[in-house]
Amino acid sequence: MLSRNKALLIIGDSNVAMIKNLFDEKRKFFPKGEVDFWSVSGSFFNRSRLNEGELHAPVKSGLEPVRIDGYKNILYCGGRVKTQAVFDEFLRSSASGKCRYPEEFIQQSIESFIPTLPGARFLQRIRAEFAGNIIAFPTPPRGNTEGVCEDTTKPEVWTEKIFDLIWTSYQSFYESCEVQLLKTPFDCTVDGKTVKAQYNIGPGDILHKNADYAELLLKEAKWA
């Protein structure tokens, strides 16, 4: 039986930091009860393991193992789940840097790529061993999706189409894991490619987001 007081375990890479900042500032966006944080920064996150319901981090992280079965909710933050490599490959395949791929092909490419990511496979493993509620968001968008324009006369229309294709693909994967996806709103991005600078944690840092961005995401969270 799940413990009543263990409300939420927050798991992820460096994206956990913005969630912790929001937690410290605005507790109302989180479920009542005990909230715990478990994060491993950068590519070291891919070395995390789940063994019979117990999370294990790389030795150098210094994190103690934690059991997931005592919580009602898990929030899976980032986990290095991102699609930029798909578009990098499109660009590499074109000497001109302008490939014209149909929407269906782009979406199929993204949907087949996401499950191959270590962070995506780790989420699948967590889902298999956790009976409670899981909510997740991928790495915040930051990257170039140019070079796949089908119609160069209407780049603004195609840009929004690409954004929708990416998030439809994310939705397909997270739904297959029975996980609620927290989507980045299009209007908080620059042409759907990267999150606006006002949500960066500091000047020149496009990698890490602030509590305002975390709030945009968690407004849609449905806690158990």
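The values are calculated or read from the model by the stated rules, or taken from the named source; none is laboratory data. For clarity, every value in this text was computed on a predicted model and none was experimentally measured. Cβ sites come from the backbone with ideal geometry, for glycine too, and all protein chains shown count toward neighbours. Side chains included, ligands, DNA and RNA excluded: accessible areas come from the protein's heavy atoms. Shrake-Rupley method; radii C 1.70, N 1.55, O 1.52, S 1.80 Å.
How many of the residues in segment 36-94 are among the small types (G, A, S) and closer than 15 Å to G132 by Cβ?
Filtering segment 36-94 down to residues among the small types (G, A, S) leaves 39, 41-43, 48, 53, 57, 61-62, 70, 78-79, 85, 93-94.
Add one more test, that the residue is closer than 15 Å to G132 by Cβ, and what stays is 53, 70.
The number of residues fulfilling the criteria is 2.
Could you please find all residues in segment 43-56 being within 21 Å of V81 (Cα to Cα) and open to solvent by less than 50 Å² (accessible area, probe 1.4 Å)?
F45, S48, L50, L55, H56
How many residues, within segment 179-216, are open to solvent by less than 70 Å² (accessible area, probe 1.4 Å), hydrophobic (A, V, I, L, M, F, W, C) and under 15 Å from G12 (Cβ atoms)?
Adding up the residues that qualify gives 4.
Does L8 satisfy the criteria of being over 30 Å from G192 (Cα atoms) and not acidic (D, E)?
When the stated conditions are applied, L8 passes them.
Could you run through segment 45-60 and say how many residues are out of contact with any Lys or Arg (no Cβ under 7 Å at 6 or more places or on another chain) and not hydroxyl-bearing (S, T, Y)?
8
Taking the condition among the aliphatic types (A, V, I, L, M) and under 15 Å from L9 (Cα atoms), does V40 pass? Break it down into steps so the answer makes sense when it comes.
Details: among the aliphatic types (A, V, I, L, M): yes; under 15 Å from L9 (Cα atoms): yes.
So V40 fits the description; yes.
Residue under question is V16, and the condition is that it be under 16 Å from the mean Cα position of the chain (by Cα), open to solvent by less than 70 Å² (accessible area, probe 1.4 Å) and at pLDDT 95 or above; does it hold?
The answer is yes for V16.
Given the condition over 19 Å from the mean Cα position of the chain (by Cα), more than 13 Å from C77 (Cα to Cα) and in a helix (DSSP H, G or I), answer yes or no: does some residue in segment 29-48 qualify?
No.
Out of everything in segment 160-178 that is β-branched (V, I, T) and crowded, with 19+ Cβ neighbours inside 10 Å, what residue ends up being nearest to Q124 (Cα to Cα)?
Here the residue is I166.
Looking only at segment 60-82, count every residue that is touching a helix residue (DSSP H, G or I) at 6+ places or on another chain (Cβ under 9 Å) and open to solvent by 10 Å² or more (accessible area, probe 1.4 Å) and tell me the total.
Number of matching residues: 5.
I'd like the full set of residues that are touching a residue at least 40 places away in the same chain (Cβ under 8 Å) and either under 24 Å from T159 (Cα atoms) or part of a helix (DSSP H, G or I) (or both), limited to segment 178-198.
Correct list: L181, L182, K183, T184, T189, G192, K193, T194, V195.
Hey, could you check segment 27-42 for residues that are open to solvent by 50 Å² or more (accessible area, probe 1.4 Å) and out of contact with any helix residue (DSSP H, G or I) (no Cβ under 7 Å at 6 or more places or on another chain) and say which is modelled with the lowest pLDDT?
S41
Among all residue pairs at least 6 apart or on different chains, which show Cβ distances below 8 Å where the first residue, located in segment 116-132, is over 14 Å from R67 (Cβ atoms) and the second is open to solvent by 20 Å² or more (accessible area, probe 1.4 Å) and among the basic types (K, R)?
That search, which allows pairs on different chains as well, returns L117/R80; L117/K82; P118/R80; G119/R80.
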